[in-house]
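Here is the structure we will look at.
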Amino acid sequence: MGPCGRAARLAFESRDPGKKAWLGWNRGQTYRRAVIPDAGPVQTWVDLTKVEGNLVSFRTTFVFDRDGAVLTSDSTLRFRGRGELADSLAEAGLVVDEVRDAPDRPGLELVFIARKVA
C-alpha cells in the first residue's frame, strides 16, 4: 500500500505502432524555426532513415542561422504494441488496470496504468 493506504500505480505512455507516426517524419512535415536566447534562430526537422521490424530510425537536423553550423542526431525507437507491453508488465509482476488515450496526443499514444500484483 502507498502512503495514503492505496496501492501504488505505475503510469507511462508509449507510442502506438499501429498509427505509424513515422510516416510523417520528413522535413516537410516536421520543419520548425525557433529563436533561442543566446543562440539566435535555429531550424530543425526530422527525417525517417530506416524501418526494420519494430525499430524505426530517424535523423534530427539542427541548423544555426548565426553561423551556419549544422548538427545532426541519429536515433532509433522501438515501437512495442499494446499486447507486447502488457506481457512485459505481467512478467514484471504488474497487472494492467487500464489503457487510455494520451490527452496531449489523442489517437497516437497509449497510456498504461498498472499496479503490482497483490
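Scan the stretch 31-118 for chymotrypsin sites (Phe, Trp or Tyr not before Pro) in coil per DSSP, keeping those whose Cβ has at most 12 other Cβ atoms within 10 Å, and list them by number. Mind showing how you got there, number by number?
Details: sites: TYR31, TRP45, PHE58, PHE62, PHE64, PHE79, PHE112; in loops: TYR31, PHE79.
Here the sparse-neighbourhood loop sites are TYR31.
Mean residue ellipticity at 222 nm from the helices of the chain, using -39,500 (n - 2.57) per DSSP H segment of n ≥ 4 over the full residue count, to the nearest 500 deg cm²/dmol?
Values: 2 runs with 14 residues, N = 118.
My calculation for the chain gives -3000 deg cm²/dmol from helical runs alone.
Restricting attention to the stretch 1-103, which trypsin sites (Lys or Arg not before Pro) occupy a DSSP loop and are surrounded by at most 15 other Cβ atoms within 10 Å? Before the final figure, lay out the partial values.
Numbers: sites: ARG6, ARG9, ARG15, LYS19, LYS20, ARG27, ARG32, ARG33, LYS50, ARG59, ARG66, ARG78, ARG80, ARG82, ARG100; in loops: ARG6, LYS20, ARG66, ARG80.
Passing both the DSSP loop test and the Cβ count: ARG6, LYS20, ARG66.
So how do GLU52, GLU109 line up by other beta-carbon neighbours within 10 Å, fewest first?
On the way: GLU52 8, GLU109 18.
The most exposed by this proxy come first: GLU52, GLU109.
Report the FRET efficiency, 1/(1 + (r/R0)^6), for LEU108 and VAL70, where r is their Cβ-Cβ distance and R0 is 35 Å, rounded to 0.05.
Working: r = 29 Å, r/R0 = 0.83.
About 0.75, to the nearest 0.05.
Gain in length, THR60 to ASP47, computed as 0.36 nm per residue apart minus the alpha-carbon separation, to one decimal in nm?
4.0 nm
What is the Cα centroid distance between the stretch 35-57 and the stretch 66-106, reported in whole angstrom?
Taking the Cα centre of each part, the stretch 35-57 and the stretch 66-106 sit 17 Å apart.
To the nearest 10 degrees, how steep is helix 82-91 against the longest Cα principal axis of the chain, on a 0 to 90 scale?
Roughly 50 degrees between the two axes.
Suppose each label sits 7 Å from its Cα in the direction of the beta carbon; what would the ALA34-ALA92 distance come out to in nanometres?
Reported label-point gap for ALA34 and ALA92 is 2.8 nm.
By counting other Cβ atoms within 10 Å of each Cβ, how are VAL96, VAL117 ranked from fewest to most? Please report the intermediate quantities before stating the final value.
Values: VAL96 16, VAL117 10.
The order, fewest Cβ neighbours first, is VAL117, VAL96.
Can you pull the percent of Cα pairs in the chain with separation above 16 Å?
Numbers: 4858 of 6903 pairs.
The calculated P(r) of the chain puts 70 percent of pairs beyond 16 Å.
Only the coordinates and a few stated rules stand behind these numbers; no lab work does. The structure displayed is predicted, hence computed values, not measured ones. As a convention, Cβ positions derive from the backbone with ideal geometry for all residues, glycine included, and neighbour counts pool all protein chains shown.
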